[in-house]
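Undergrad: Right, I'll just put the structure down here and ask away after.
The values are calculated or read from the model by the stated rules, or taken from the named source; none is laboratory data. Note that this is a predicted model, so its numbers are computed, not measured. Cβ coordinates were reconstructed from backbone atoms using ideal geometry, including for glycine residues, and neighbour counts include every protein chain displayed.
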Amino acid sequence: MRRPIPSKVIDRLKAAAGSGGFVDDPEAIEAYVTDERDLYHGATPLVLRPNSTAAVAAIVRICAKAGVGVVPQGGNTGYCGGSVPSERGGEIVLSLARLNRIRAVDAANHAITVEAGCILADVQRAADDAGLLFPLSLGAEGSCQIGGNLSTNAGGVQVLRYGNARDLVLGLEVVLPDGRVLAALRGLRKDNAGYDLKQLFLGAEGTLGVITAAVLKLYPRPRETCTAMVALRDAAAATALLARLRAATGDAVSSFEYLNRACLELVIAHIDGARDPFAEPHGDYAVVEIAGADGSRDIAEAALSQAIEAGEAADAVVATNVGQAQDLWRLRELIPEAQKRAGGSIKHDVSVPLSRIPELLARGRAAALKVIPNARVIAFGHIGDGNIHFNLSPPAVTSQGGDVAVFLAKAAAVERPIHDLAVELGGSFSAEHGIGVLKKPELARYKSAVELDLMRTLKRALDPTGVMNPGKVVDGD
Ligand SMILES: Cc1cc2nc3c(=O)[nH]c(=O)nc-3n(C[C@H](O)[C@H](O)[C@H](O)COP(=O)(O)OP(=O)(O)OC[C@H]3O[C@@H](n4cnc5c(N)ncnc54)[C@H](O)[C@@H]3O)c2cc1C
């Protein structure tokens, strides 16, 4: 149990953050202590908003000495409660929002150096201004920060082609739990000089240090892009269609996203302007993007026609301009927002080998409905990566009738069978959203004793006093 933060320490922290570098008004603090899903409401007397690595280091040094917990916060869009402090009020929130400069673009090296607080969309824009592509892309890109993306090893809609956030990092700058700075902003694609230390901090959810800057990989922009929404024969046809498109396009499929009919209906019901692009309702859909050399579009369209002939797809709508492509993407990307508007949601972020997806969807539905018979199964996600957000929404009547609390009370009872199923099928209970506080018990349940022991050993070695994001992911003791 941490003590309240002494006022002398608070004064020193404010001084280290500099003028305009802190928030201590309780009303303004509210936005920093409540998480995206409204599951966690923490408390803190102080939010610090430093605008340099040196200031972050000074703050962490003070906290380490005084035994005050530091909760790094990016865009606060995370789904596992990792970015908000505990209710006890003995931790400070360290917002990276003002550390948001693009430090350099090295077009010849296909690399960009950015500070942790850069909004993901701003990094994409800076790459585009240089005639290049930064491929990390996800629904929260207008508000999440690159430091948060790296700390959660975010996935998104282009993992199939470019990998997770971890795969896009060349170099890192990190403030360690004792306030020292690991200055490793190297733009190298080859560097086998000892342990690859940056990997420790990617996906660590702020428990081993504060990421302050990164060197990221850039790519050539595709010459031609084809965006389509495909009505699938059934969910099982998704894997055959993906294999067909990858083979036909010389592996130019950049996105392959799944949604079931209930997702589409939810988006149409809750998002202005959303409409069904097909004349007939279908059970399962994929939003696909093929991005490659000139001629990619023709090849993709021919492959889609063959998929219809082969019976893998029932129908396909191909966007003919950027606006239409955006409309199709909105149907996929606004599912979380539609779920939010429909009332509480129970989320599962599971992955399995691609070949086990149909089994996951079928057995997952049966398991979920056994616990909540009238729930709506909102299954969608990065099926090309074997990652399904197997979510549940309350039945339509309940969401209006105010029984959401009853629905949400069943979350724990339904989570366990879904996670057990994913693990039984050779998968993971947490594909891309991480652990935070929400999935700590699951980590303890599914990780082996050796894995847990190694994680604790690393935590103790890097953060012996336990000041970095206390209570998240794993405890050192
Ligand atoms: C609409 C929507 C769509 C989403 N889609 C996806 C998706 O497709 N794929 C996906 O992976 N996620 C997705 N997410 C989840 C979320 O956006 C990602 O986890 C994102 O990477 C979090 O970034 P953030 O800046 O908001 O981090 P935060 O939520 O602020 O923090 C997340 C974790 O990282 C730590 N952290 C933040 N910044 C730093 C730093 N600089 N140094 C050290 N630790 C830090 C925090 O302490 C916390 O533990 C989605 C969320 C929403 C709301």
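Undergrad: Would you point out which residue out of 80, 63 is in contact with a Lys or Arg (Cβ under 9 Å, 6 or more places away or on another chain) and not polar (S, T, N, Q)?
TA: Numbers: 63 fails: in contact with a Lys or Arg (Cβ under 9 Å, 6 or more places away or on another chain).
The match here is 80.
Undergrad: Based on this model, can you work out whether residue 459 counts as part of a loop (DSSP other than H, G, I, E, B), of a type in the set (Lys, Arg), within 16 Å of the ligand (Cβ to nearest atom) and in contact (Cβ under 8 Å) with a residue 24 or more places away in the chain?
TA: Against the criterion (part of a loop (DSSP other than H, G, I, E, B), of a type in the set (Lys, Arg), within 16 Å of the ligand (Cβ to nearest atom) and in contact (Cβ under 8 Å) with a residue 24 or more places away in the chain), residue 459 does not qualify.
Undergrad: Right, something else. Just to confirm my filter: which strands (runs of 3 or more DSSP E) fall fully inside region 166-221 and include at least 1 residues that are over 22 Å from residue 120 (Cβ atoms) and not polar (S, T, N, Q)?
TA: Where strands (runs of 3 or more DSSP E) fall fully within region 166-221 and carry at least 1 residues being over 22 Å from residue 120 (Cβ atoms) and not polar (S, T, N, Q), they are 181-184.
Undergrad: Could you list, in sequence order, the residues of region 377-405 that are more than 16 Å from the ligand (Cβ to nearest atom) and modelled with pLDDT of 95 or more?
TA: Residues satisfying the conditions are 377, 392.
Undergrad: If you check residue 294 against the conditions, is it over 26 Å from the mean Cα position of the chain (by Cα) and closer than 18 Å to residue 339 by Cα? Spell out the reasoning first.
TA: Working: over 26 Å from the mean Cα position of the chain (by Cα): yes; closer than 18 Å to residue 339 by Cα: no.
The answer is no for residue 294.
Undergrad: Looking at residue 100, is it on the phi > 0 side of the Ramachandran plot and outside any helix (DSSP H, G or I)?
TA: No: the conditions fail for residue 100.
Undergrad: If only one of 91, 36 is among the acidic types (Asp, Glu) and at pLDDT 95 or above, which one is it?
TA: Step by step, each of 91, 36 is checked, and only 91 is among the acidic types (Asp, Glu) and at pLDDT 95 or above.
Undergrad: Keeping to region 337-363, report how many residues are surrounded by fewer than 19 Cβ atoms within 10 Å (Cβ to Cβ) and part of a helix (DSSP H, G or I).
TA: 9
For (1) closer than 28 Å to residue 472 by Cβ; (2) surrounded by fewer than 16 Cβ atoms within 10 Å (Cβ to Cβ); (3) not acidic (Asp, Glu), each residue gets a yes or a no:
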| residue | (1), (2), (3) |
| --- | --- |
| 192 | no, yes, yes |
| 195 | yes, yes, yes |
| 215 | yes, no, yes |
| 254 | no, no, yes |
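Undergrad: Considering (1) over 21 Å from residue 378 (Cα atoms); (2) out of contact with any strand residue (DSSP E or B) (no Cβ under 7 Å at 6 or more places or on another chain); (3) charged (D, E, K, R); (4) touching a residue at least 12 places away in the same chain (Cβ under 8 Å), say which one residue 297 fails and leave the rest.
TA: It fails just one condition, (2).
Undergrad: Could you tell me how many of the residues in region 251-296 are assigned to a strand (DSSP E or B), among the aliphatic types (A, V, I, L, M) and in contact with a Phe, Trp or Tyr (Cβ under 9 Å, 6 or more places away or on another chain)?
TA: Residues in region 251-296 being assigned to a strand (DSSP E or B), among the aliphatic types (A, V, I, L, M) and in contact with a Phe, Trp or Tyr (Cβ under 9 Å, 6 or more places away or on another chain): 4 in total.
Yes/no per residue for (1) under 22 Å from residue 473 (Cβ atoms); (2) in contact with a strand residue (DSSP E or B) (Cβ under 6 Å, 6 or more places away or on another chain); (3) surrounded by fewer than 20 Cβ atoms within 10 Å (Cβ to Cβ):
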residue	(1), (2), (3)
115	no, yes, no
131	no, no, yes
134	no, no, no
166	yes, no, yes
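Undergrad: Looking at (1) of a type in the set (D, E, K, R); (2) more than 10 Å from the ligand (Cβ to nearest atom); (3) not in a helix (DSSP H, G or I), which one does residue 141 not meet, given that it meets all the others?
TA: (2)
Undergrad: Answer yes or no as to whether residue 76 is under 20 Å from residue 440 (Cα atoms) and within 12 Å of the ligand (Cβ to nearest atom).
TA: yes
Undergrad: Hey, another quick one. Are any residues in region 417-440 assigned to a helix (DSSP H, G or I) and either modelled with pLDDT under 95 or within 16 Å of the ligand (Cβ to nearest atom) (or both), and if so, which ones?
TA: 440
Undergrad: Could I ask something else about it? Filter region 167-225 down to residues that are aromatic (Phe, Trp, Tyr) and away from the ligand (no atom under 16 Å from the Cβ) and give me whichever is farthest from the chain's Cα centre (by Cα). Even if it seems obvious, please write down each step before you answer.
TA: At the first step, the residues of region 167-225 found to be aromatic (Phe, Trp, Tyr) are 195, 201, 219.
Filter once more, keeping what is away from the ligand (no atom under 16 Å from the Cβ): 195, 219.
Values: 195: 26, 219: 21 Å.
Only one residue tops the list, namely 195.
Undergrad: Of the conditions (1) within 14 Å of the ligand (Cβ to nearest atom); (2) more than 24 Å from the chain's Cα centre (by Cα), residue 349 fails just one. Which one is it?
TA: (2)
Undergrad: Taking only region 79-91 into account, find how many residues are on the phi < 0 side of the Ramachandran plot, more than 8 Å from the ligand (Cβ to nearest atom) and surrounded by fewer than 24 Cβ atoms within 10 Å (Cβ to Cβ). Give the derivation first.
TA: From region 79-91, those on the phi < 0 side of the Ramachandran plot are 79-80, 82-88, 90-91; that's our starting set.
In the following step, the residues that additionally are more than 8 Å from the ligand (Cβ to nearest atom) were identified as 84-88, 90-91.
From what's left, surrounded by fewer than 24 Cβ atoms within 10 Å (Cβ to Cβ): 86-88, 90.
Here the count works out to 4.
Undergrad: When you scan region 12-42, how many residues do you find that are within 16 Å of the ligand (Cβ to nearest atom), closer than 18 Å to residue 84 by Cα and not aromatic (Phe, Trp, Tyr)?
TA: 13
Undergrad: Okay, moving on. Could you check region 24-83 and list, in sequence order, the residues that are of a type in the set (D, E, K, R) and farther than 14 Å from residue 14 by Cβ?
TA: Result: 27, 30, 35, 36, 37, 38, 61, 65.
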